[in-house]
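Heads up: the structure comes next, in structure tokens.
The values are calculated or read from the model by the stated rules, or taken from the named source; none is laboratory data. Every value quoted in this text rests on a predicted model; they were computed, and no experiment measured them. Here Cβ is always computed from backbone atoms with ideal geometry, including for glycine, and neighbour counts include all displayed protein chains.
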Amino acid sequence: MPLLIDFYAFAIGAVIGSFLNVVIHRLPREESIVFPGSRCPHCEAPIRAWDNLPILSWLILRGRCRACRGPIAGRYPLVELANGLLWLAAWTQTGNILDALLIGIVCSMTIALIYIDADIQILPDVIDLPGILVGLAIGWRAAGLHYPHLTLSPSLLDSFLGAALGAGLLYAVALTYRLVRRVEGMGLGDVKMMAMIGAICGWTAILPVLFIASVAGAIVGVAIALRRTEGLQFALPFGVFLGISLLTVIFFGQDISAWYFGLAGIG
């Protein structure tokens, strides 16, 4: 029975991951995410139900549309697999349906934000603003107290403080950059996403999240700069690294802290 429940958690996450692919593809294009149904991005042929099974259909069809044989990006099964595994982790780490649902929703929202920001460098309000509400619900549930091995807000007050501090700190950085460099270095979407992250993880997680995101962004930025011939001025979607950092801190933040303090001989 426990294995069956674990399978259900993964399967639900994978199905939601299939819907996330629709959101990631259509939301930036301002298309309805409900109608019409799933269709091939090349020939726009409707995708039949048996060809829309998460992960499996892509493998069976070898990554091609049944109608036109056009290639279907590997992103589709990757999103489904990642979301399935994250929903499974949310369930196995909590064992509580409501808390697992809240964490699973956070993971799905984060995946959507990562891919949309990577594609068009926009973090839609329709995702990150409701994400703040989900974070407040996590604080209201005192998830950080019930699951100390996860990095989640321990109280509703902590979620409010986290949202305010996260947004305020990143807005101050963006404003300072604009005043010094006379150009926009960071959009308000990143600020709102940071408010979402603060509400979810609490104010004590703000600096670790920013540190991991900044280091990852710097490494990728340097790698890209070394391969470019057009100059060093290019846009880097910081929301991608904030999202990756958020997921890392939620599930591994306590382990990272224990490793760091152990290495430093503290505690």
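Report whether or not residue 241 is modelled with pLDDT of 80 or more and either part of a helix (DSSP H, G or I) or closer than 25 Å to residue 193 by Cα (or both).
Against the criterion (modelled with pLDDT of 80 or more and either part of a helix (DSSP H, G or I) or closer than 25 Å to residue 193 by Cα (or both)), residue 241 qualifies.
Just one residue in the set 19, 7, 35 is under 20 Å from residue 105 (Cα atoms), loosely packed, with under 15 Cβ neighbours inside 10 Å and either of a type in the set (Phe, Trp, Tyr) or in contact with a strand residue (DSSP E or B) (Cβ under 8 Å, 6 or more places away or on another chain) (or both); that residue is 7.
Among the residues of segment 125-170, those that are among the polar types (S, T, N, Q) and either assigned to a loop (DSSP other than H, G, I, E, B) or out of contact with any helix residue (DSSP H, G or I) (no Cβ under 7 Å at 6 or more places or on another chain) (or both) comprise 151, 153, 155.
In segment 92-111, the qualifying residues are those that are of a type in the set (S, T, N, Q) and within 10 Å of the chain's Cα centre (by Cα), and the one that is nearest to residue 12 (Cα to Cα) is 108.
In segment 48-75, what count of residues is obtained for those that are part of a loop (DSSP other than H, G, I, E, B) and either without any contact (Cβ under 8 Å) to a residue 24 or more places away in the chain or under 20 Å from residue 24 (Cα atoms) (or both)? Of the residues in segment 48-75, 15 are part of a loop (DSSP other than H, G, I, E, B) and either without any contact (Cβ under 8 Å) to a residue 24 or more places away in the chain or under 20 Å from residue 24 (Cα atoms) (or both). Scan segment 134-170 for residues that are farther than 25 Å from residue 238 by Cα and either of a type in the set (Lys, Arg) or under 18 Å from the mean Cα position of the chain (by Cα) (or both) and the total you get is 2. Hey, any hits in segment 86-95 for a residue that's surrounded by fewer than 21 Cβ atoms within 10 Å (Cβ to Cβ) and not in a helix (DSSP H, G or I)? Yes, the conditions are met somewhere in segment 86-95.
Return the pair list, or none, for Cβ contacts closer than 6 Å from residues in segment 110-122 that are surrounded by fewer than 21 Cβ atoms within 10 Å (Cβ to Cβ) to residues that are part of a loop (DSSP other than H, G, I, E, B) and not hydrophobic (A, V, I, L, M, F, W, C), at least 6 apart or on different chains. Sorted first by the residue in segment 110-122, then by its partner, the pairs are 118/237; 121/237.
For (1) within 17 Å of residue 250 (Cα to Cα); (2) among the acidic types (Asp, Glu); (3) modelled with pLDDT under 95, each residue gets a yes or a no:
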position: 134; (1), (2), (3): yes, no, no
position: 138; (1), (2), (3): yes, no, no
position: 142; (1), (2), (3): yes, no, no
position: 150; (1), (2), (3): yes, no, no
position: 160; (1), (2), (3): no, no, no
position: 171; (1), (2), (3): no, no, yes
position: 190; (1), (2), (3): no, yes, yes
position: 195; (1), (2), (3): yes, no, no
position: 200; (1), (2), (3): yes, no, no
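Quick check: anything in segment 175-190 assigned to a helix (DSSP H, G or I), touching a Lys or Arg at 6+ places or on another chain (Cβ under 8 Å) and either in contact (Cβ under 8 Å) with a residue 40 or more places away in the chain or of a type outside the set (Val, Ile, Thr) (or both)? Before you say what the answer is, go through the steps one by one.
Keep residues of segment 175-190 that are assigned to a helix (DSSP H, G or I), which gives 175-181, 188-190.
Restricting the remaining residues to those that are touching a Lys or Arg at 6+ places or on another chain (Cβ under 8 Å) gives none.
The answer is no, given that none of the residues of segment 175-190 is assigned to a helix (DSSP H, G or I), touching a Lys or Arg at 6+ places or on another chain (Cβ under 8 Å) and either in contact (Cβ under 8 Å) with a residue 40 or more places away in the chain or of a type outside the set (Val, Ile, Thr) (or both).
Note on segment 76-109: among residues that are among the aromatic types (Phe, Trp, Tyr) and in contact (Cβ under 8 Å) with a residue 60 or more places away in the chain, the one that is nearest to residue 149 (Cα to Cα) is 91. Mind listing whichever residues of segment 1-47 are within 13 Å of residue 116 (Cβ to Cβ), part of a helix (DSSP H, G or I) and among the hydrophobic types (A, V, I, L, M, F, W, C)? Those that are within 13 Å of residue 116 (Cβ to Cβ), part of a helix (DSSP H, G or I) and among the hydrophobic types (A, V, I, L, M, F, W, C): 20, 22, 23, 24, 27.
Being β-branched (Val, Ile, Thr) and closer than 15 Å to residue 17 by Cβ is the filter here, so list the residues in segment 75-102 that pass it.
Within segment 75-102, 79 is the sole residue that qualifies.
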